[in-house]
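These notes are about the structure you will find just below.
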Amino acid sequence: MRLPSPPLVSTLNGTAAAVSKGVNFGAGGGGGGVFRVGAAVGQQVRVAAETLQLMQLEMAEEDSAAAVFVLSFGADAYARLLARGPAAANAAPKHGRRGLGRILADRIVRSVSELYEAGVRRVAVMGVAPLGCAPRVMWEGMRVLVMKSNNNNGGSRSSCVEEANELIQGYNARLVAGLDELRTRLPDADIVFCDVYKGVMEIIATPTRYDFTMRLCCLLLCVGFEEATEACCGLGPFKASMGCFSKEMACRSPERHVWWDLYSPTEAVDALVTNWSWSLSPGSQLSICSPIALHQLAGSSSP
């Protein structure tokens, strides 16, 4: 899509004109405990609702009604959970490792409902990527988790941690079910789910098939991703025993890597997944958003 990242809401001047070009309601950092994520979601939803009210006061009704809200939660929570290893179940006796998915998915669905009450009619919710294939989780998996072969897909050169991916798939599935039910109760709202897990797994499974310039690779026309398991920036096995704390640690060609650091995909992967979310990828049948793509959501008519 070639769009710049929206600025943090804390950096804007508090006018509707400033936020109308796009705004990020995130906190700008990864602080907070893994099991306090619900509070962070609620806080950001409140700020988003207040921002929408500002737009409604200062702008034409049709302009504020056209706003699209994108919710992307869960990746940091699961990264912290998986970093703790299986012992994390003892650290959260009220719900355990699998209970996090239930609590977080239900909170996201409730947030969509709260945004609707504030006047939002267009919402996209992003799922969580397959962090069981992230370098840090795979490195931990060599020591504390049973790793099952994933090589029969013909793409990855090592194994993803299946138990970790199952946790995330459970969260994504509960989120989809909750959003499906919400659509029946809010028929005048456009609610889209984008399966980031599916998009990233497509790249991991067939890394050489896709070029970092977002083209579908054909024979000899592009190189594609060359490294699907090792991080671009870090140290040790999978470049994951120590994270990226200096740009001098980074590889020379991050666009050829699927993973940037311990848990984060590279900008090249993010760009591909973003374009697949926006519309059907050229030359393939890959579609990761439902029931409509984001370009359709952005262009839909307000009820």
* To do: Select, from Phe225, Phe238, Phe212, the only residue that is assigned to a loop (DSSP other than H, G, I, E, B), surrounded by 19 or more Cβ atoms within 10 Å (Cβ to Cβ) and at pLDDT 90 or above.
  => Phe225
* Asked: Does Asp76 satisfy being at pLDDT 80 or above and either closer than 21 Å to Arg174 by Cβ or exposed (fewer than 15 other Cβ atoms within 10 Å of the Cβ) (or both)?
  -> yes
* Hey, Ala129 small (Gly, Ala, Ser), surrounded by 23 or more Cβ atoms within 10 Å (Cβ to Cβ), modelled with pLDDT under 95 and not in a strand (DSSP E or B) or not -> no
* In the range 140-170, how many are over 26 Å from Gly243 (Cα atoms) and either of a type in the set (Lys, Arg) or at pLDDT 60 or above (or both)? -> 1
* Sole residue being modelled with pLDDT under 90 and either acidic (Asp, Glu) or not in a loop (DSSP other than H, G, I, E, B) (or both), chosen from Leu100, Leu104 -> Leu100
* Structure fact -> Just one listed residue, out of Val70, Val109, is more than 26 Å from Glu162 (Cβ to Cβ), assigned to a helix (DSSP H, G or I) and either at pLDDT 75 or above or of a type outside the set (Ser, Thr, Tyr) (or both), and it is Val109
* **the range 243-263, residues that are under 24 Å from Arg80 (Cα atoms) and either in contact with a strand residue (DSSP E or B) (Cβ under 7 Å, 6 or more places away or on another chain) or of a type in the set (S, T, N, Q) (or both)** => Cys244, Ser246, Met249, Ala250, His257, Val258, Trp259, Trp260, Asp261
* Asked: Applying the selection to the range 156-181, what residues are farther than 20 Å from His295 by Cα, of a type in the set (A, V, I, L, M, F, W, C) and crowded, with 18+ Cβ neighbours inside 10 Å?
  -> Cys160, Val161, Ala164, Leu167, Ile168, Leu175
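The values are calculated or read from the model by the stated rules, or taken from the named source; none is laboratory data. In this text, all values refer to a predicted model and were calculated from it rather than measured experimentally. When we count neighbours, we look across all protein chains shown, and the Cβ atoms used for this are built from the backbone with ideal geometry, even at glycine.
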